[in-house]
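To start, the structure itself, in structure tokens.
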């Protein structure tokens, strides 16, 4: 009897230890998310309902004493969100940011897909070299690389001088401070984020599927469209999200390369914060931006869940 | 099973929030504790870019053994955002008058211990008086470092080529579309300082530079929009280099900055001749004030440094180099005649009467102003 109990006890302890170990492992990323995403988000969310005050920090606390000093009142001000609706500046910059991010993502996909495909189909030995080449630019500071584009694109910059010397143009082109320059900057900076997830997907494809398709009479284009492309969709989605999301809120690239007459939302956010010193409105802009970005992330999540379920079946 | 990590995480969240809430008093206590302790020999200074004679810091360190960490900014807005967030780590900052006023109201700056400032007697009572009247009652929180005007900086040759009789001593250079359009091809720049630029437009329109009437703002915005397409960009520091190397030919800039561009061009021997004029209509006058944030960790060292900057020979050295007028009466005899004799640095008494300080604006007007400024910059 006691023997059975001891066995049961041992088994229960083992289970407990296992559960604890697993929780610990799961707990770390949860804790990470909590500390570096949920907590900052809640703080920003709280500030977005506050009012500007000339104080340190420059917004009203969540609770403060009523004017007569008798009780505590909560400050809850929806006006910051209302303000975003009344001023067309915010809507037009949001729209412009989404446009820039969407076009850049598409360009990254069109350029990145063939590159990822080529790398995935290259010989094993060259594959690593090619991947190295993709990642090598990361060894230089991002800011420096964007600054380099200023030198390349400016009126008396490398590109214009080369074109002038070659006699292809007789007036320098205005390349810098245009939408074109912003696209160049974003596509250049974010291309690796498109290539890497695509590569890791394409590399895993079973090549015998292509042979089977060919045996059944499919031409290369058909094989690509009906076998490779559908199989690579998770990679496409992941790559697009990795480019699109940071591109929407991009601040540095449009500031250095972009037009001065069309702001992106990242710039508006920084202006609210630094020039207006209006933290509540800046927070409201940030929250709206997050909500706008959440939509594609949730779509991706649902897509992924469906994939997982399909794989299980 | 997920419950356990979630619960643990919730506990951490609560602990974190509590720590965040109680963070402030703890910091206050530590500040009190260090007030009486001897300070480490370090001083963190946050000053405007290109705003000190480089040898001055080394000389101060040699004399006192205090190591100076010298950091620079180029916009009052940037400085204020940092100050309002708190815990900047800076011991000495240099906000301009109207910004100082707001920061004092917000409780950013500590009152100066004047017993530690033996050289305060060198200060120019006329300048200190103007500051006390407009921004800092009794000069309790700040000492004037430099003052100046915003006016017309220009490339003499390029302007003459394009318009021999250009009104180089008038705001019409920027705000009359018929005139400024002639210089669009050689580069026109405006300061990125909304309230100050607004002040200059209002002076040009013959209105009160510190008006907060919405219709005055609208009139000024109309003027700025009408010349927007001739303006290459808005910035508050890069124009020094741009004027000096000939990339820009006309800039609404700060007096000393333009004169620094002039000396840079002279020493580069690139054939660029830069000049600066205080506009005849009058000008916006700014005061850059030395102040010590309340959360400064080395307030004694900061006082020592202010006192050092107040020494007549040091103030003269700085003014000779950066070509700004200082608020130090005792130093005036030691400053080069080319600086003191320049009516565009030390204006005549008649012109002094026409200079208006950039007074602090109300928060409501500030919002209207920055929004209007965004419209101007984006040309919409």
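What follows draws every value from the coordinates through simple rules; no lab data is involved. Values in this document were obtained by computation on a predicted structure and should not be read as measured data. Don't worry about glycine lacking a Cβ; one is built from the backbone with ideal geometry, like all the others, and counts go over all protein chains shown.
Side notes on the structure shown:
- Rounded to 5, percent antiparallel among DSSP beta bridges of the protein assembly as shown: 60
- Ranked for footprinting exposure by Cβ neighbours inside 10 Å, fewest first, B:42, A:103, B:376, B:356 give B:42, A:103, B:356, B:376.
- Shape of chain B, Cα gyration tensor, a/c cut at 1.5: oblate
- Residues A:111, B:127 in ascending order of nearby Cβ atoms (within 10 Å, fewest first): A:111, B:127.
- Residue-averaged 222 nm ellipticity for chain B, from DSSP H runs of 4+ at -39500 (n - 2.57), nearest 500: -14500 deg cm²/dmol
- Beta bridges per DSSP with both ends in the range B:147-277, % antiparallel, nearest 5: 70
- Cut-off 14 Å, label 7 Å out along Cα→Cβ of residue B:157, residues of the range B:248-290 by amide N: B:248-249, B:265-275
- Rounded D (µm²/s) - the protein assembly as shown, Kirkwood Rh over Cα pairs, Stokes-Einstein at 37 °C, 0.692 mPa s: 111
- When both bridge partners sit in chain B, DSSP labels roughly 60% of those beta bridges antiparallel.
- For chain B, the longest principal axis of the C-alpha atoms and the axis of helix B:76-85 are separated by about 10°.
- For the range A:153-217, the fraction of alpha-carbon pairs in successive 5 Å shells from zero, as %: 3, 15, 12, 11, 10, 9, 9, 8, 7, 9, 5, 1
- Taking the longest Cα principal axis of chain B as reference, the axis of helix B:54-64 is set at about 30 degrees.
- Where only DSSP H runs of four or more residues are counted, chain A gives -23000 deg cm²/dmol as its mean residue ellipticity at 222 nm, each run worth -39500 (n - 2.57).
- Inter-part distance where the range B:224-261 and the range B:284-318 are each reduced to a Cα centre, Å: 28
- One compactness figure for the range A:80-312 is 1.21, namely its Cα radius of gyration divided by 2.2 N^0.38 Å.
- Least to most buried among A:83, A:177 (fewest other Cβ within 10 Å first): A:83, A:177
- The distance separating the Cα centre of the range A:18-74 from that of the range B:104-176 comes to 41 Å.
- Across the range A:221-313, the convex hull enclosing all Cα atoms gives 124 Å³ per residue.
- Gyration tensor (alpha-carbon) shape descriptor, the range B:258-380, a/c threshold 1.5: oblate
- Between 0 and 90°, nearest 10: helix B:255-268 axis offset from chain B longest Cα axis: 70
- In terms of the mean number of neighbouring beta-carbon atoms within 10 Å, the peptides B:298-311, B:113-126 order highest first as B:298-311, B:113-126.
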